[in-house]
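The structure under discussion appears below in the form of structure tokens.
The values are calculated or read from the model by the stated rules, or taken from the named source; none is laboratory data. A quick note: this is a predicted structure, and the numbers were derived from the prediction, not measured. When we count neighbours, we look across all protein chains shown, and the Cβ atoms used for this are built from the backbone with ideal geometry, even at glycine. In case anyone asks, the SASA skips ligands and DNA or RNA and just uses the protein heavy atoms, side chains included. Shrake-Rupley method; radii C 1.70, N 1.55, O 1.52, S 1.80 Å.
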Amino acid sequence: EDQVTQSPEALRLQEGESSSLNCSYTVSGLRGLFWYRQDPGKGPEFLFTLYSAGEEKEKERLKATLTKKESFLHITAPKPEDSATYLCAGNSGGYQKVTFGTGTKLQVIP
Amino acid sequence: DAGVTQSPTHLIKTRGQHVTLRCSPISGHKSVSWYQQVLGQGPQFIFQYYEKEERGRGNFPDRFSARQFPNYSSELNVNALLLGDSALYLCASSSRDGATNEKLFFGSGTQLSVL
């Protein structure tokens, strides 16, 4: 059974304090590793898709990386507007059965 | 362009009742997926539909059913509601044939409370 585990569950950072979120996955035949951002009361918003070990993608203050067992979401000099829950997800099937982790709730304090 | 729209936004039902949730995908998107998100957890896959046909089903009981209409909108039906069905129900659409590595566009969800 596919599993995605995220850590930490919650993270509190001062504005400008860089950190990383971890996503460990056991997804047979991984076809894509996704990162989404979810704000309270809203649906997840797509950030990145990673396909193979060694791949990296960046968007503003966020950078996602992928190894054979883990993915990291690095946040550089975060701002309060980066506060949200970050979800990691893996896909292995022949359709869009995406397995999500439980998320990391990030709070950035001014 | 409008994003994925879901209705209603909130719903309160009692145990044993039936509920229908509705979703309109982004214009031009033909694939719709449904997810259940319990508070504090990640979304869990329920169904995917593409071109009105079921492409995939998650580990949910037969009380859960769905369908997709010719205009690609979709309905999720849940019969014989249980307290444990209380959750945020999310609809997601994607642009192509529902390929596995496509990014999903989510609606804001329907918050279902079962009393």
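Give me the summed buried accessible area for the A-B pair, 1.4 Å probe, to the nearest 100 Å².
1800
Using each residue's phi in region A:66-83, evaluate 6.51 cos²θ - 1.76 cosθ + 1.60 at θ = phi - 60° and report the 3J(HN,Hα) Karplus result to the nearest Hz, with x for Gly and Pro.
Karplus-based 3J(HN,Hα) across region A:66-83 equals 9, 10, 6, 10, 9, 10, 10, 10, 8, 10, 9, 6, x, 10, x, 6, 7, 4 Hz.
Taking 25 Å as R0, compute the FRET efficiency from the Cβ-Cβ separation of B:SER27 and B:ASN77 and round it to 0.05.
0.55
Taking the alpha-carbon distance from A:LYS68 and a cut-off under 19 Å, which lysines remain once sequence neighbours fewer than 8 residues away in the same chain are dropped?
By straight Cα distance, A:LYS68 reaches A:LYS57.
Cut-off under 18 Å on the C-alpha distance; same-chain residues fewer than 8 positions from B:LYS30 excluded. Which lysines are left, in chain and number order?
Candidates past the 8-residue exclusion: A:LYS97, B:LYS52, B:LYS103.
Just tell me which aspartates and glutamates come within less than 16 Å, Cα to Cα, of A:LYS59; anything on the same chain fewer than 8 places away is out.
Cα-Cα hits under 16 Å: A:GLU45, A:GLU81, A:ASP82.
Chain B: percent of C-alpha pairs farther apart than 17 Å?
Cα-Cα pairs in chain B separated by more than 17 Å: 50 percent.
With an 8 Å cut-off on Cα pairs and a minimum separation of 6 or more residues, tell me the relative contact order of chain B in percent.
So the answer I get is 37 percent.
Among bridges DSSP assigns within chain B, what percent are antiparallel (round to 5)?
The antiparallel proportion sits near 90 percent.
On average, how many beta carbons from a partner chain sit within 10 Å of the beta carbon of a residue in A:22-31?
The per-residue average across the peptide is 1.
Based on Cα positions only, what radius of gyration and what Dmax would you give for the protein assembly as shown, in angstroms?
When restricted to Cα atoms, the protein assembly as shown yields Rg and Dmax of 17.4, 51 Å.
At 0.36 nm per residue, and after removing the present C-alpha to C-alpha distance, how many nm does the segment from B:LEU39 to B:THR14 gain when stretched out fully?
7.1 nm
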